[in-house]
1. What tally of residues in the range 122-169 results from selecting those that are more than 15 Å from Phe31 (Cα to Cα) and polar (S, T, N, Q)?
2. Under 8 Å between Cβ atoms, which residue pairs at least 6 apart in sequence (or on different chains) link something in the range 135-156 that is part of a strand (DSSP E or B) with a partner that is surrounded by fewer than 17 Cβ atoms within 10 Å (Cβ to Cβ)?
3. Could you name every one of the helices (runs of 4 or more DSSP H) located completely within the range 1-117 that has at least 3 residues being of a type in the set (S, T, N, Q) and at pLDDT below 90?
4. Just name the residue that is surrounded by the most Cβ atoms within 10 Å (Cβ to Cβ) out of those in the range 161-212 that are of a type in the set (A, V, I, L, M, F, W, C), modelled with pLDDT under 65 and within 25 Å of Val94 (Cβ to Cβ).
Amino acid sequence: MNWSFFSLLLISVSFSHSTFAQQGTDPEFIFKTYLFLDKENVTSSSLPLQVTKSDSLFNVFMDVTKIEFEELPVSNSLPYFYSNRYHFYQLKQVSHSIDDVVKSRYFDVPICQSSPYVICINDNTGVSYRISGFKSSDFLSFLKQFKISYQETHGKRLSAANFLRKYKVNGIDFYCLYKGLRSTGSGYERYPCLNDCTQGGAIGNMSNAVIR
């Protein structure tokens with residue numbers, strides 16, 4: 001294993017802990033990195049080729065993948081709390097310039113309407129969260145940190161119920177995410193916000209945080 005690929009594995013490990021912190025807060029870079037790490041290896045029965053993750057493929061993915069996204073408006077009625085720290089972005093379109101049949105399957109990214117790819121970025125810390133569309137959601141980690149920040153700022157505890165009532169992001173069903181990620185044995189038929197956009201399955205919760 002070369003050191004450059006080992007570095008990529010370290011990046012992957014950071015994602016497994018539900019959040020990704022970096023010095024910059026560039027939504028395009030963060031979106032592409034999360035999309036890349038969501039990908040599985042691709043094999044073809046007709047061609048002797050397997051597309052697997054590597055540092056070189058990561059660089060190619062970043063170079064040839066073009067994305068469009070938009071920032072989602074936030075409606076915040078929490079008292080005395082800054083609303084400009086967290087920014088939410090939804091992926092709108094993805095394209096790439098790969099002609100190879102097998103490799104192109106690796107670079108294809110489906111766009112879902114029911115559970116779109118959404119990330120959240122904390123501009124102060126550089127920490128980002130996968131909210132929906134990905135194979136795992138960091139919403140509970142986001143909510144936990146949000147509540148910690150609120151208490152540190154105001155000396156008052158913020159309940160999840162109060163957050164869900166007073167903090168809204170256009171196009172995101174926080175209540176569905178909260179209930180679905182905390183439930184056990186519930187399918188995505190009951191919580192459509194838990195759809196995995198890449199395969200149409202249910203997303204997981206990589207956080208062990210217990211939110212009350």
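The values are calculated or read from the model by the stated rules, or taken from the named source; none is laboratory data. Here the structure is a predicted model, which means the values were calculated and not measured. Glycine also receives a Cβ, built like all others from the backbone with ideal geometry; neighbour counts cover every protein chain displayed.
1. 9
2. Ser136/Gly204; Ser137/Gly204
3. 3-16
4. Only one residue fits best here, namely Ile203.
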